[in-house]
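Taking it in order: structure first as structure tokens, then the write-up.
The values are calculated or read from the model by the stated rules, or taken from the named source; none is laboratory data. What you are looking at is a predicted structure, and each value in this text was computed from that prediction instead of being measured. All Cβ positions, glycine included, derive from the backbone under ideal geometry; neighbour counts span all protein chains shown.
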Amino acid sequence: MKNSSLILNLVLVVAVIVIYVLHFTSGKSSTPGDVLVKGSAQLTDLKIAYVKVDSLIVNYDLAQQLHDEFTKNQEAYTKEYAARRSKFEEQAAAFQEKIQRGGFLTEERAVQERDRLVNEEQEILKLDQELSTKLAEMQNTNNQQLVDSLMAYLKSYNVDRKYAYIFNSSGILIGDEAHNITKEVLTAMNAQYAKESK
């Protein structure tokens, strides 16, 4: 039993040494970013690059304009909702006070006013949902516009560069800065946007 274990260990050590020697004496060198791929008996260079999309979005002029428009609409919607809500709260407080001092001539009139206030509150809640939906749709449209703009530019950019892959850096934990094309892409996209917005 001990002999078979010893023989098995010796075979494994020899196999590891052979793999080690083959790996380090193969004479092939590769540069970071160029991966060798076997395909129908030939080796091809695989060019890759990456873009820091979060950095690009923060500094892209179109993104800033879309953000400013979104913020302006958000503030207008918030102001509209706050005004309606404030008016409703004033009316509800006045109704409560009138009830306490017996200001309604009939109970029927008090019920009508209460029902009107309940309907008004429902309308305010509906307005809140509509405005939230509009903002979410606007945000989605803005995001899609930015993605479309980036993808359109990268397609034309890659015609000459011929990268096999251009990654979003959010999935890359460590990357060689030589493959980071964010600054180049951002400068070109801002120049293109400035030309189109004139």
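Quick notes
- The set of residues in the stretch 111-138 being at pLDDT 95 or above, more than 27 Å from residue 63 (Cβ to Cβ) and among the polar types (S, T, N, Q) consists of 119, 122, 129.
- Of all the numbered requirements in (1) within 20 Å of residue 58 (Cα to Cα); (2) free of Cβ contacts under 8 Å to residues at least 40 places away in the same chain, residue 159 misses one, and that requirement is (1).
- Answer residue from the stretch 162-185, given it is assigned to a helix (DSSP H, G or I) and over 17 Å from the mean Cα position of the chain (by Cα) and is surrounded by the most Cβ atoms within 10 Å (Cβ to Cβ) among those: 185
- Criterion violated by residue 170 - all others in (1) in contact (Cβ under 8 Å) with a residue 40 or more places away in the chain; (2) closer than 16 Å to residue 60 by Cα satisfied: (2)
- A count restricted to the stretch 147-161 and to residues that are over 15 Å from residue 47 (Cα atoms) and either aliphatic (A, V, I, L, M) or not in a helix (DSSP H, G or I) (or both) stands at 4.
- Among the residues of the stretch 77-117, those identified as surrounded by 11 or more Cβ atoms within 10 Å (Cβ to Cβ) and hydrophobic (A, V, I, L, M, F, W, C) are 88, 92, 94, 95, 99, 104, 110, 111, 117.
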